[in-house]
Amino acid sequence: MMTGYTTEERAELRDFYRSSLLEGTLPFWLRESVDERYGGYLTMRDRDGSLLDDDKSVWFQGRFAWVLATLDNTVERKEEWLAAARSGVEFLRDHCFDTDGRMFFLVTRDGRPLRKRRYFFSEAFAIMAYAAYARASGEEWWLEQARGLFARCIDYAEGRATAGEPKWTSERESRGIGVPMIFLQVAQVLRDNGGCPLAERKIDEFIEEIRLFVKDDLECVLEQVGTDGEVIDHLDGRTLNPGHAIEGAWFILEESRRRGGAADLTALGCQMLDYMWKRGWDKEFGGILYFRDVYGKPVQEYWHDMKFWWPQCEAIIATLLAYRMTGDEKYAEWHRRIHDYAHRHFPDREYGEWFGYLHRDGRLSSPVKGNHFKGPFHIPRMQWYCWQLLENWEG
């Protein structure tokens, strides 16, 4: 029998997320990650926090700076957090932009370029970091930079400027959910940290574009569609990423919450969550699977049935927020399942933080705590967001 959360249970959850963040995740990353010599963050970490590699993921220079500045803005004004956020944004400014205005993906410890990609998600996380730091520091320059960088990314997305090297020639044209989904949150962050007229105008456009990927006849959210929104019946086109779509679902639910409960947005966010929970939840072992095929066919990627840390984090947020927005006890039950699964399997009881990569049955695949893709973002964002949501439940 499904039941919702009582006031007492919500308070216990609130305290759990708060302590997990402030006494667990954050100390792990602040202990040694801020690079006192060159600035920025050293996030390539072994299980015990020891350094595996001193190259720097540009994503995480922005991501961790956003986390730190956001905590300073919303939780408590702390010089340690502000100084650490400053280290990240200054490293981004000084070392992570190429001469063409685009950002690198990976740089050396001292900021020399190693890798650059065609997409512009390094820019997305830099915008979030700059905007949040502007609010925390009171320095308007960072907000102006964030607005300008957002406008440049919109030019990339809409074809008014090149986002990198020419694409491979292909007769199969497609569009992906990544840009409207990620930049929906980027626009929300800009709006909440000083404002940006362009970002605020684009929010509804991003949401409408996301709708193209939601297929009621197939009960799924696609990662790629054809130019007119059609299914691309090839391996990449059929591949579903439940965690990614569930992340997009809570971005839309958050927009509904900010608008006082917009019924159409709540319905869309819950629809996306419902479809992809059904597709992604592992009925045998629990947890969210990484990839599925829209028609149930084999998936190309060999890690398709693994359990990564970040889809579990996104499902924890989405289910709790869906319960908050609808009162539907189904979502409280789903939240219990994913919360319990994630906290039973991923946290490292000895050294702290979470493991990132498990086999389908929950066995540990790798003890790594930080690499080019895993670091201080999805876990602290989940802990902070759920804490704040529960703290202001009736608001």
Which ordering of Thr162, Thr43, Thr266, Thr7 is given by a fewest-first count of other beta-carbon atoms within 10 Å?
Thr7, Thr162, Thr266, Thr43
Under the 7 Å Cα-to-Cβ spin-label approximation, Leu52 and Met2 lie apart by a distance in nanometres of 3.8 nm
Rounded to the nearest 0.05, FRET efficiency between Glu394 and Lys297 (Cβ-Cβ, R0 45 Å) equals 0.45
Using θ = phi - 60° and the Karplus curve 6.51 cos²θ - 1.76 cosθ + 1.60, what whole-Hz ³J(HN,Hα) does each residue of the stretch 54-69 get, with Gly and Pro shown as x?
9, 5, 10, 6, 5, 3, 7, 5, x, 4, 6, 4, 5, 4, 5, 5
Full extension between Glu76 and Asp15 adds, at 0.36 nm per residue less the Cα distance, a length in nm of 20.4 nm
With springs only between Cα atoms under 10 Å, which of Ala322, Ala124, Ala11 fluctuates most in a Gaussian network model of the chain?
Ala11
Quick one: length gained pulling Asp274 to Arg93 fully straight, 0.36 nm per residue minus the C-alpha distance?
61.1 nm
Highest average packing first - 288-297, 310-319, 85-94, Cβ atoms within 10 Å
310-319, 85-94, 288-297
Relative to the compact globular guide of 2.2 N^0.38 Å, what is the alpha carbon radius of gyration of the stretch 275-395, as a ratio?
1.09
In Å and whole numbers, how far do the C-alpha atoms of the stretch 277-332 stretch along each principal axis, longest first?
38, 23, 18
Descending semi-axes in Å of the chain, equivalent ellipsoid built from Cα gyration tensor:
29, 26, 22
Of His378, His343, how do they rank once you tally other Cβ atoms within 10 Å and put the fewest first?
His343, His378
19 Å cut-off, amide nitrogen to a point 7 angstrom out along Leu30 Cα→Cβ, residues in the stretch 49-82
49-50, 61-82
Can you count the Lys pairs in the chain whose Cα atoms are under 20 Å apart, with each pair 8 or more apart or on different chains?
16
Would you mind putting 57-65, 70-78 in packing order, based on average other-beta-carbon counts within 10 Å, highest first?
57-65, 70-78
At 0.36 nm per residue, and after removing the present C-alpha to C-alpha distance, how many nm does the segment from Arg172 to Arg112 gain when stretched out fully?
18.0 nm
Which of Lys56, Lys307, Lys283 moves most in a GNM of the chain, Cα contacts under 10 Å?
Lys283
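No value in this document is a laboratory result; all are computed from the given coordinates. Since the model is a prediction, treat every value here as computed from it, not as a measurement. Ideal geometry is used to build each Cβ from the backbone, glycine not excepted, and the neighbour counts take in all protein chains shown.
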